[in-house]
Each structure stands twice: as C-alpha cells, then as structure tokens.
Amino acid sequence: MAQLTLKHIRGNTYYIPAPANIGIFVEGDQAVLIDSGNDKEAGRQILRLLNEHGWNLKMIINTHSNADHIGGNAFLQQRTECRIAAPRGECGFIENPLLEPAFLFGGFPHKDMKNKFLMAKQSTVTDVISEPGAVADSDLKSVHLPGHFFDMVGIITPDNVFFIADSLFPENIINKYHLFFLFDVKAHLETLDRLKLIDAEVYVPGHGKPLSDLHMLAETNKNKVLEIMDNILSICADPVTSEEVLEKLCNIYGISLDLNQYLLLSNTIRSYLSCLYGEGRLEYIFTGNMMKWKQGRDHYALVSEMQEISGGR
Ligand SMILES: [Zn+2]
C-alpha cells in the first residue's frame, strides 16, 4: 500500500486520500475519523499520521459498513480503544462481518469470498446513529443518504465540509466501470436529487477527489443508472434469468468479472430487477424451475404513452 498522507481541506477538517477516502475533524488534540480505510495497514498508517500531529483518536464514524470503509476499525479500536459510531442499519455488518459476503452471495460464503475486500475484521459499535443530526457528543452532523447500502449516512463538519460517502462516484469511475454497487436503486436516485439541495463548501466522496459543486456529477450518476435500467428492460424483451441479465449487461459494457465483481454486481442486478418490478416495468415468471424476468404490462403502457407524446410534437 502506498504511503498515506494528510491533506488539509478547511478549518479543522482534513482528509487522507486513499482507495476509500478517510475524513478527519480535529478539536484541540482530539480527532474524529470519518471511515477508517480498507484494511489493517490503512489503520496502521492513519494512527501514524494522527501520532505525528499529536492527535488522539476519539471516535471513528462509519458512513456505512462496506469492508473498504471500515477496514481500519478493528486495528484502531484495539490500539486506542476509540469509540465507533455507525448508522443503525449498518451496525450488524460491522459487528458480524460475515454478513457482508453472506448477503452478497445470498448463502453461506466459501473461503475465497471471505477476503478483505468483502469482509473486514470485527469491531464494536459504541454509538448508534439512529436519526439525522449531531453524532454522539461531537459537532459533526449526519445526513441520511440511503441507496448504496442499507442505511448509509453522510457527515457534515462545522467547516461545512460534507463527506458524502458512496452516494456518488467520480466520472472516470463511472465511465470505466459503468455498473457500481447499489442496494436500493429508487432510494439512491432520491438521494442524488436530495444531495443537490444540501449546500456545502466542499464535498468529499468516498472514492475520488473533493468537489466544490456536485450538480453535474449527480446528473451524470443519475443518467448512468437510468441508462442501465433501459438496458435491463431491453434485455428482458424475452424472459431471462438474473444471471443472464448480468451476462448481457457485462457484454454491453465490456466488463469481465472476477469473484468479487461477480458477487457485487449479481447482487446489484437483483436490486435493479426489484426496483423495476416495483415500478411495474418488469414481471417475473417461473419456467422450468427458473425465475425469469420479462417486460411488464406497465412497461408497454409507459412506452406507448411516451411514443404518443413524441408523435404529437
Ligand atoms: Zn466504497
């Protein structure tokens, strides 16, 4: 792992650029982290940086429980006995890390699935974030950003720096990967709209560089999700299994899957299918003991309605 360094953002707010960025807010000699990096080594380097500045680690706030955001928790908590705050719906995964590969696979995960990208070391949540507002006794505020995972939050520091977690991804990541992990597609789209209404001086995404404005990027993220929905609907012109939907989408975007990507994306595809079923645009049938997805009645109604509107112009 490359040597991690500290970058100043504004006032008492800093961040450590990393594969999953780490935020730091300092009051006196007390530091609060926003996420903890992707593994023990990240935790070790974070602690070195804190020590170099004479800061004591008071608390880690986890925006969500994905292994790359909580990977330094166990090491840092063992070394410093720091508190860990996390949203209610994410606590179970932090305290029982086996849940993440089990959730992604949809069954008992075999040993290859229990790797550090999908399964962090166990740590203990001391402060549950159950509603928006001040986190524990700190001056940091949480904002509910559901969609990417069960109960993700963003964190706003008193310097008006907004750590937006994985609510949006940078353009280069979207153009390279196209498909990125989503749990609740509808909630994600609503979160993207809501993000634009929250003013901050600087926005720091979980992955990528800080931004001064996120309107354009939120639109880019939203358009990619809508494009994937359209592609899934076209794929489902004939009944197909969710595995076939994944295969065909990967062909469209030139993606070749490894084990981790397969687990993340097959799970994400099922979330898209549920979302489109909820909107009446897909239906499921059982044929030959296979669950297959096809365009729903409301999809035809929506398409013909749209054709009428464009024909009338
Ligand atoms: Zn992430």
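Here's a check for you: in the stretch 205-231, which residue that is among the polar types (S, T, N, Q) and away from the ligand (no atom under 16 Å from the Cβ) is surrounded by the fewest Cβ atoms within 10 Å (Cβ to Cβ)? Steps first, answer last, please.
Residues of the stretch 205-231 that are among the polar types (S, T, N, Q), as a first pass: 212, 220-221, 223, 231.
From what's left, away from the ligand (no atom under 16 Å from the Cβ): 212, 220, 223, 231.
Details: S212: 8, T220: 17, N223: 11, N231: 18.
Of everything passing the filter in the stretch 205-231, S212 is surrounded by the fewest Cβ atoms within 10 Å (Cβ to Cβ).
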Handout entry: Any chance L246 is in contact with a helix residue (DSSP H, G or I) (Cβ under 7 Å, 6 or more places away or on another chain), over 30 Å from T13 (Cβ atoms) and either at pLDDT below 95 or within 16 Å of the ligand (Cβ to nearest atom) (or both)
Key = no
Exercise for the section: Keeping to the stretch 45-78, report how many residues are within 16 Å of the ligand (Cβ to nearest atom) and part of a helix (DSSP H, G or I). Expected result: 5
Practice task
Return yes when S234 is free of Cβ contacts under 8 Å to residues at least 12 places away in the same chain and either assigned to a helix (DSSP H, G or I) or crowded, with 16+ Cβ neighbours inside 10 Å (or both) and no when it is not.
Solution key: yes
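Any idea how many residues of the stretch 148-181 are part of a strand (DSSP E or B) and more than 15 Å from the ligand (Cβ to nearest atom)? Working first, answer last.
Of the residues in the stretch 148-181, the ones part of a strand (DSSP E or B) are 153-156, 161-165.
When the remaining residues are screened for being more than 15 Å from the ligand (Cβ to nearest atom), the result is 156, 161-162.
Count: 3.
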Exercise for the section: Kindly provide the set of residues from the stretch 75-103 that are within 21 Å of D166 (Cβ to Cβ) and either among the aliphatic types (A, V, I, L, M) or in contact with a Pro (Cβ under 8 Å, 6 or more places away or on another chain) (or both), ordered by number. Expected result: L76, I84, A85, A86, I94, L99, P101, A102
Problem - In the stretch 14-44, the residues that are assigned to a strand (DSSP E or B) and more than 16 Å from the ligand (Cβ to nearest atom) - result: Y14, I24, F25, V26, E27, Q30, A31, V32
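Could you please find all residues in the stretch 113-136 being more than 15 Å from the ligand (Cβ to nearest atom) and either out of contact with any strand residue (DSSP E or B) (no Cβ under 9 Å at 6 or more places or on another chain) or of a type in the set (V, I, T) (or both)?
Passing the criteria: M113, K114, N115, K121, Q122, T124, V125, T126, V128, I129, V135.
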Completion exercise
With criteria (1) modelled with pLDDT of 95 or more; (2) within 27 Å of Y14 (Cα to Cα), K196 comes up short on (1)
Handout entry: Any pair with Cβ under 7 angstrom, 6 or more apart, that starts in the stretch 41-68 at a residue that is aliphatic (A, V, I, L, M) and ends at one that is assigned to a helix (DSSP H, G or I) and within 16 Å of the ligand (Cβ to nearest atom)
Key = I60/N73; A67/E100
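The values are calculated or read from the model by the stated rules, or taken from the named source; none is laboratory data. It should be emphasised that the depicted structure is a prediction, and the values quoted were computed from it without experimental measurement. Neighbour counts run over all protein chains shown; Cβ positions are idealised from the backbone, glycine included.
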